[in-house]
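Q: Please read through the structure below; I'll follow up with questions.
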Amino acid sequence: MDISERQLEIIEAAGRILTSSGVSGLTIKNLAAEMKFSESAIYRHFKSKEEIIIAMLNYLAQTMDTRLTKTLATELSVEEKFMELFRNQFSFFKKNPHFVVAVFSDGLMEASQAINETILKIMEVKVRHVHAVLAEGQKKGIFTKAISTAELVHMVMGAFRLHMYKWRIANFRFDIKKSGESMIQSLLTLIKAKSK
């Protein structure tokens with residue numbers, strides 16, 4: 001995904017509006033005011049509000065894929081890789097909560113099929129990396145084989161999404177890194193193979 005510096009600035013400004021005012025507050029008029037641009041200057045970079053949101057979500061998918069690929073390429077143990085996949089996400093979202101707003105906004109998912117498909121792409125990126133580390137852990141006998149890798153992925157991703165959603169509806173009031181760490185440790189306790 002090629003994105004210009006100006007487009008990234010627009011995406012970040014859109015994120016600030018999403019975080020403070022929700023989807024209904026994200027209008028080209030409000031975005032132009034936030035950036036001290038004319039509306040026509042915004043339209044030179046994006047055709048519509050939908051295109052801005054899709055660019056934001058695509059940017060999230062791309063940066064997530066890059067970050068998580070680096071994590072899996074390290075020499076960390078399987079358990080450490082598992083923890084790092086989630087720590088990485090919690091750190092990123094703590095610094096960039098507008099991406100959580102974009103993914104978990106009521107009304108946004110109903111807004112367009114293209115937005116839904118882009119959100120699905122983000123989920124697929126995360127699932128691919130989580131699946132890789134869980135499969136490796138099962139192969140090495142570290143994670144339970146009593147449940148299929150695909151089912152483990154659903155359980156882990158479900159816990160992560162619920163945690164992010166709770167943070168979103170709590171208006172980011174609790175420390176996502178601290179509570180996320182507790183969630184990661186609980187998941188590890190559940191999925192580790194039982195010693196004989």
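The values are calculated or read from the model by the stated rules, or taken from the named source; none is laboratory data. Keep in mind the model is a prediction, meaning the values are calculated, not measured. Remember, those area values only see protein heavy atoms, side chains included, never the ligands or the DNA or RNA. Shrake-Rupley method; radii C 1.70, N 1.55, O 1.52, S 1.80 Å.
Q: Search the structure for amide H atoms under 5 Å from the amide H of residue 143, placed 1.01 Å from N in the peptide plane, and list their residues when 5 or more places away or on another chain.
A: Amide H neighbours of residue 143, under 5 Å, 5+ apart: 138, 193.
Q: Let me ask you something else. Can you tell me which lysines have their Cα less than 16 Å from the Cα of residue 70? Leave out same-chain residues fewer than eight positions away.
A: 81, 126
Q: Per residue, how many Å² of accessible area does the chain show with a 1.4 Å probe?
A: 53 Å²
Q: Quick one: what do you get for the stretch 36-155 if you divide its Cα Rg by 2.2 N^0.38 Å?
A: It is 1.28.
Q: Cα-Cα pairs above 13 Å in the stretch 30-72: how many percent?
A: Cα-Cα pairs in the stretch 30-72 separated by more than 13 Å: 63 percent.
Q: With a 1.4 Å probe and all protein chains kept in place, how do 123, 164 rank by accessible area, largest first?
A: 123, 164
Q: Further question on the same structure: Under the definition of Cα pairs under 8 Å and six or more residues apart, what whole-number percent is the relative contact order of the stretch 74-196?
A: Relative contact order here is 36 percent.
Q: Quick test of the membrane-span-like rule: which DSSP H helices of the chain reach at least 24 Å along their long axis (C-alpha atoms) with mean Kyte hydropathy at least -0.5?
A: Membrane-span-like by this rule: 5-25, 49-72, 113-139, 149-169.
Q: So what's the back-of-envelope 222 nm ellipticity for the chain, counting only DSSP H runs of four-plus at -39500 (n - 2.57) apiece and dividing by all residues, rounded to 500?
A: -25500 deg cm²/dmol
Q: So which lysines pass the test for residue 194, namely a Cα distance under 17 Å, with those fewer than 8 places away in the same chain ruled out?
A: By straight Cα distance, residue 194 reaches 139, 140, 145.
Q: For the stretch 119-158, just say rounded, prolate or oblate: build the C-alpha gyration tensor, square-root its eigenvalues into a ≥ b ≥ c, call rounded for a/c under 1.5, and beyond that prolate if a/b exceeds b/c, oblate if not.
A: prolate
Q: Compute the normalised compactness of the stretch 1-107: alpha-carbon radius of gyration over 2.2 N^0.38 Å, N being the residue count.
A: Compared with the compact-globule rule of thumb, the stretch 1-107 sits at 1.22.
Q: Regarding the stretch 105-196, what are the three Cα extents along the principal axes, ordered largest first, in Å?
A: 50, 30, 16
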